[in-house]
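Derivation of every value follows stated rules applied to the coordinates shown; laboratory data play no part. From a predicted model like this one, the values you see are computed outputs, not experimental measurements. Glycine gets a Cβ as well: all are built from the backbone with ideal geometry, and neighbour counts include every protein chain shown.
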Amino acid sequence: MIFLYILIGLIILILILSLTVPTEFKLERDIMINKPKAEVFSYVRFLKNQDSWSVWNMKDPNMVRDFTGTDGTVGFVSRWDGNKKVGKGEQEITGIMDGERVNMQLRFERPMKMTNDAYIITLPESDNQTRVRWGFTGNSGRPMNLFSAMMKGALIKDFDRGLNNLKNILEK
């Protein structure tokens with residue numbers, strides 16, 4: 001009976017805590033790349049290039065990949081099915097502001113079903129320097145918003161590693 005009271009107490013605590021955490025989230029990181037904006041944008045607009053710099057693509061070398069459409073254009077879809085570190089889902093280019101921004105929608109099936117938006121923005125800092133901003137937004141219902149809040153630190157590290165990979169590739 002004590003176990004039941006503890007379990008009920010934990011459930012109530014989780015529900016109360018979920019009321020204090022926002023359901024909407026935004027994660028955004030950026031890095032300076034020593035290359036002209038046009039060169040940087042022409043690389044980041046292609047989702048297949050993420051295979052070389054995104055840390056999630058590197059977490060499962062045996063991940064099954066499938067592509068539909070023309071990479072670098074609206075409607076292109078990149079699907080993946082991998083281990084429990086990368087799960088299963090797809091990413092679609094939903095909008096392109098040429099030379100400026102690529103908007104994407106991420107649709108996850110596993111480990112949990114959810115849809116989020118992502119974007120990559122290129123901002124000129126000088127003729128030979130470009131700031132790349134990578135962002136991720138979404139909405140997690142309660143009590144899943146607690147999980148999203150707890151994952152933010154790990155996601156920041158993954159974004160930073162991915163952006164550093166991107167910088168290393170483009171500055172070679």
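Worth a mention:
- Charge dipole of the range 2-170 about the Cα centre (unit charges at C-beta), most positive-ward option of LEU13, LEU27, THR130: LEU13
- The calculated FRET efficiency for the pair LEU106 and ALA38, based on their C-beta separation and a Förster distance of 22 Å, comes to about 0.25.
- Rounded to 0.05, the FRET efficiency of the MET114 and LEU19 pair, given R0 = 25 Å and the Cβ-Cβ distance, is 0.80.
- Option label - Rg and Dmax of the Cα atoms in Å computed here, alternatives [x] 20.1, 71; [y] 18.5, 70; [z] 15.2, 40: [y]
- Pairwise centroid distance, computed over Cα atoms, of the range 25-58 with the range 85-108, Å: 12
- Taking the Cα centre of the chain as reference, the dipole from Cβ charges on Lys and Arg (+1) and Asp and Glu (-1) amounts to some 460 debye.
- The angle separating the long axis of helix 2-20 from the principal Cα axis of greatest extent in the chain is about 40 degrees.
- Dipole axis of the range 2-170 (+1 Lys, Arg; -1 Asp, Glu on Cβ), positive-most option in PHE76, MET114, GLY95: MET114
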